[in-house]
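Notes follow once the structure below has been shown.
The values are calculated or read from the model by the stated rules, or taken from the named source; none is laboratory data. Just so we're clear, the structure is a prediction, and the values are computed from it rather than from any experiment. FYI the Cβ positions are ideal-geometry reconstructions off the backbone, even for glycines, and counts take in every protein chain you see. Accessible surface is based on the protein model in full, side chains and every heavy atom, while ligands, DNA and RNA are left aside. Shrake-Rupley method; radii C 1.70, N 1.55, O 1.52, S 1.80 Å.
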Amino acid sequence: MTPAGSVQDLPAPDSDELSALLRRNDLRVVYRVLYESRGEPLTMNQIRQRVIALTGTNNSQTDRRVRDLRDVFDIRTDQRGRDHFYLLKGRRAEPRDRRGGLSAAGRARVFQDYGGRCAWCGRTPKEDGVKIVVDHIVPLDLGGPDREENCQLLCEEDNHAKQARFAEHKDRAEAISKAINHEDVHLRIGELLKALKGTEVPIDLINLVAREENRGDPTRRLRELRILGWTVKVRKEREGKRTLSYYTLEHAEPWPDEGPGPVIRRAENERRRSRKRRAG
Ligand SMILES: [Zn+2]
């Protein structure tokens, strides 16, 4: 952990890291000017001239851009005589974010966690020329939180494919957002199935509320619901290269008072013991 307020490395102006940090090109241009003039800081007027030289347009918003950059970067002002010089010192350890939600540093951490690769196809801007976006695993309009834990990197192509796939669930948004707010993964999946009882729920939607992408196993969670006495019917269908599974809830049991976790663990231990007994 870097202590709050301390200086972190500055990303290069052309880096993917900077693109993830600053989505707007006008901010990246001003950043470039500040980055390149660290040895000899410039006045606001000089910064403006450099921006005009780089973009070919007269942008009167340069001082505002510098102010915006200060949410993410530590920019010192040095007064000499009547002039103020702007020096880019480093990155803020805990960036300010006036809009709330995912901060620029949060976006940068997501970028680092995923190594700049699309979580679905593994492609990168450098190797494959794709554009990478920060994607909310549970979409915001389905009640997903605007936080790092709910974010991944996707290439633009996969991001569009994902959006298309979830557009059909928009009318179920209320049931879905209620379900995904439970602490326990079995409750999230189970409550979703209950809310949509009698309809076929695609595995994609179950993955979505499970919120365990890349680390969990939602189909195992469904088996565990069966341990609790639930009946869930499965239908498999080929769709292009993938086989998609659809789940229909036929019977649900009330949740155990102690929560589903301990009951499932006891049942699994018991099964393991009896398997050993048989083997021995
Ligand atoms: Zn991709």
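Show me the strands (runs of 3 or more DSSP E) entirely contained within segment 77-190 in which 2 or more residues are within 15 Å of the ligand (Cβ to nearest atom) and modelled with pLDDT of 85 or more.
132-136, 151-155
Have a look at L196, L208 and point out the one that is away from the ligand (no atom under 16 Å from the Cβ), surrounded by fewer than 20 Cβ atoms within 10 Å (Cβ to Cβ), touching a residue at least 40 places away in the same chain (Cβ under 8 Å) and not assigned by TED's automatic domain parsing to the domain that holds I137.
Just one listed residue meets the conditions, L196.
Contact list please: Cβ distance under 6 Å, first residue in segment 44-71 and touching a residue at least 60 places away in the same chain (Cβ under 8 Å), second residue surrounded by 14 or more Cβ atoms within 10 Å (Cβ to Cβ), pairs at least six apart or on different chains.
Sorted first by the residue in segment 44-71, then by its partner, the list stays empty.
Since R48 meets every condition but one in (1) open to solvent by less than 50 Å² (accessible area, probe 1.4 Å); (2) modelled with pLDDT of 85 or more, which condition does it not meet?
For R48, the failing item is (1).
If you check A252 against the conditions, is it of a type in the set (A, V, I, L, M), open to solvent by less than 90 Å² (accessible area, probe 1.4 Å) and at pLDDT 95 or above?
Yes: the conditions hold for A252.
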